[in-house]
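Trainee: Please find one structure pasted underneath; my questions will follow.
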Amino acid sequence: MARPREFDEEKALDAAMQVFWEKGFEATSLSDLTSRMGIQRPSIYSTFGDKKGLFEAALRKYTSSHAAYVRNKLHNNPSVKEAFRDFFENMVAKEYGQTPNWGCFCINSMVELSPHDEKFEILTREHQMYLSVIFQETIERGLRSGELDPAINAKSLAQTLVISLIGLTVIMKSRPERSFVDNSVKEILTLLRENQIIS
């Protein structure tokens, strides 16, 4: 009979995610992982397969929680324009207020692994597409309510906003002047044109 696991798998996975988030895949050693997770190498191998399997599990956990956060953030504000403004501005404020600046775990993984690992190319692209769907749903809500200009193409705008989000997240890793990013966010948000009702 197999012995029951003697550790909390979810807590161990959370700890692994933090290490990978801080250091990236290549720079994280198994010793880093066992130290932070509080388990031994055989437990990693038996539960997750290997280091890459553990990284994949951590990344999937992150993308799931991140997507839920984005959905709640955008859907809980009755104003679509204010929802996107709050989302982008809070994202920038968080990145500039965080030391060290880890950025987005998924985007970090996309930059590090996607160019030479098909599995992570697909996984990170799936998250981008899921964010696009959330953005599109939010924009369509604004179109239905009459808040946004009916000429807006919800799908195209959603994809543009996701690309803008990724670009901002990457560029903030180099800590440009805050005004550089704030001005960019203001311009991005002008894409959410209000419906100018003519009476």
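Trainee: With the condition kept exactly as written, say whether any residue in region 146-157 is without any contact (Cβ under 8 Å) to a residue 40 or more places away in the chain, farther than 26 Å from Ala58 by Cβ, hydrophobic (A, V, I, L, M, F, W, C) and crowded, with 17+ Cβ neighbours inside 10 Å.
Mentor: Yes; the residues of region 146-157 include at least one that is without any contact (Cβ under 8 Å) to a residue 40 or more places away in the chain, farther than 26 Å from Ala58 by Cβ, hydrophobic (A, V, I, L, M, F, W, C) and crowded, with 17+ Cβ neighbours inside 10 Å.
Trainee: On to the next question. In region 86-126, what residues are more than 16 Å from the chain's Cα centre (by Cα) and open to solvent by 70 Å² or more (accessible area, probe 1.4 Å)?
Mentor: Listed by number, the residues that qualify are Thr99, Pro100, Pro115, His116, Glu118, Lys119.
Trainee: May I ask you to list the residues in region 174-184 that are open to solvent by 90 Å² or more (accessible area, probe 1.4 Å) and within 13 Å of Met91 (Cα to Cα)?
Mentor: Arg178
Trainee: Having 3 or more residues that are farther than 30 Å from Arg141 by Cβ and out of contact with any Pro (no Cβ under 6 Å at 6 or more places or on another chain) is the bar; report the helices (runs of 4 or more DSSP H) wholly within region 1-112 that clear it.
Mentor: Working: elements: 9-23, 30-37, 41-48, 51-75, 80-97.
Because the criterion is at least 3 residues that are farther than 30 Å from Arg141 by Cβ and out of contact with any Pro (no Cβ under 6 Å at 6 or more places or on another chain), the helices (runs of 4 or more DSSP H) in region 1-112 that meet it are 9-23, 30-37, 41-48, 51-75.
Trainee: Filter region 22-39 down to the residues that are open to solvent by less than 60 Å² (accessible area, probe 1.4 Å) and among the hydroxyl-bearing types (Ser, Thr, Tyr) and list them by number.
Mentor: Thr28, Ser29, Thr34
Trainee: Based on this model, can you work out whether Arg71 counts as touching a Leu at 6+ places or on another chain (Cβ under 7 Å), over 22 Å from Gly24 (Cβ atoms) and open to solvent by 20 Å² or more (accessible area, probe 1.4 Å)? First the steps, then the outcome.
Mentor: Details: touching a Leu at 6+ places or on another chain (Cβ under 7 Å): no; over 22 Å from Gly24 (Cβ atoms): yes; open to solvent by 20 Å² or more (accessible area, probe 1.4 Å): yes.
Taking the combined requirement at face value, the residue does not satisfy it.
Trainee: If you go through region 87-112, how many residues are farther than 16 Å from Thr169 by Cβ and at pLDDT 95 or above? Outline the logic, then answer.
Mentor: As a first pass, look at region 87-112 and keep what is farther than 16 Å from Thr169 by Cβ: 99.
Narrowing further to those that are at pLDDT 95 or above: none.
The total comes to 0.
Trainee: Could you list, in sequence order, all residues of region 76-110 that are more than 28 Å from Glu26 (Cα to Cα), without any contact (Cβ under 8 Å) to a residue 24 or more places away in the chain and among the charged types (D, E, K, R)? Show your work before the answer.
Mentor: Keep residues of region 76-110 that are more than 28 Å from Glu26 (Cα to Cα), which gives 76-90, 93.
Next cut, without any contact (Cβ under 8 Å) to a residue 24 or more places away in the chain only: 76-78, 82, 86-87, 90, 93.
Residues satisfying the conditions are Glu82, Asp86.
The values are calculated or read from the model by the stated rules, or taken from the named source; none is laboratory data. Quick caveat: nothing in here was measured; it's all calculated off a predicted structure. Counting neighbours? That spans all protein chains shown, and the Cβs are built from the backbone with ideal geometry, glycine included. Side chains are part of the model used for accessible areas, which takes the heavy atoms of the whole protein and leaves out ligands, DNA and RNA. Shrake-Rupley method; radii C 1.70, N 1.55, O 1.52, S 1.80 Å.
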